[in-house]
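Bear in mind that the values in this text are calculations on the coordinates, not laboratory data. Computed from a prediction, not measured in an experiment: that's the story for all the values here. So basically every Cβ, Gly included, is an ideal-geometry build from the backbone, and we count neighbours across all protein chains shown.
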Amino acid sequence: MKRQTILRTAAALGAACLVFFILAFGLGWHLLLSAALSIGVYAGLSLVLTPRMDRTARLFAGLPDGEELAAIMEEAARDLKQVRLSAGKIADVKTHDEAAALADTGGRICEYLRRQPEKIPAAHRFLTYYLDTVGRILIQYVAYQEAGLRTPEVLEFQRKVRSTLPKLKEGFDRQLTQLMADERFDAEADLKVMEGLLQTEGFTWETSQD
């Protein structure tokens, strides 16, 4: 990040100096006018070259530990990308689908946390351990597959991976459910209020059993 800032500053400063020399010594303009225009060029380029923060970045910036939380989410995004990449390379259809479903749920969790960054600490273990570990396991699974190894040890490892993926999916689903618990409680409270109003006005509130 600091290196990028230095490069942006150097580029803007270099352009400003070039403009000053062209105006002052190439075209013979007044030094003060040339300097003023050069400063304007520097300010303008600095503004243009500075990346604008998106909505997620602004949310992180408003939190006391926003920089640390943003770093956790960046690392999680890299791990999730690796899970998706490995899932796409798995030849066994069922294993491929289960790994892809796992990546999909992981993506929905990360997307939710980008909208609700204050809940990132509650998913810290998922973001910093589970995504990374799943990614490394799938990398090894694909490596054995592409090497064509069929030794007892490799087959046992692959069997364990296949049997673990559904359990991991359940864990990922549970993580997302827990993160969204507040919203569910609020919605259930709204339902109770609405049910009471409907009963007061003579309507029958029926709930589906499906």
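Panel order for CYS17, CYS110, by other beta carbons found within 10 Å of each beta carbon, from fewest to most: CYS17, CYS110. Full extension of the segment from ILE139 to HIS30, taken as 0.36 nm per residue of separation minus the current Cα-Cα distance, would add 32.8 nm.
Label-to-label distance, THR164 versus LEU149, with points set 7 angstrom from Cα along the beta-carbon direction: 1.5 nm. Overall, the anisotropy analysis places the range 55-189 in the prolate class: the square-rooted eigenvalues a ≥ b ≥ c of its C-alpha gyration tensor yield a/c not less than 1.5, with a/b exceeding b/c.
Residue order for MET180, MET73, fewest other beta carbons within 10 angstrom first, comes to MET180, MET73. Pairs with C-alpha atoms separated by more than 24 Å, drawn from the list LYS94/LYS119; LYS119/LYS160; LYS89/LYS169; LYS169/LYS192; LYS89/LYS119; LYS89/LYS160, are LYS94/LYS119; LYS119/LYS160; LYS169/LYS192; LYS89/LYS119. For the pair ALA189 and LEU85 in one chain, pulling the backbone fully straight at 0.36 nm per residue adds 33.3 nm over the alpha carbon distance. Protection proxy ranking, highest mean first, for peptides 27-35, 157-165, 129-137: 129-137, 157-165, 27-35, where packing is the per-residue count of other beta-carbon atoms within 10 Å, averaged.
Between ASP104 and GLN199, take the C-beta separation as r, use R0 = 41 Å, and let me know the FRET efficiency to the nearest 0.05. So the FRET efficiency works out to roughly 0.55.
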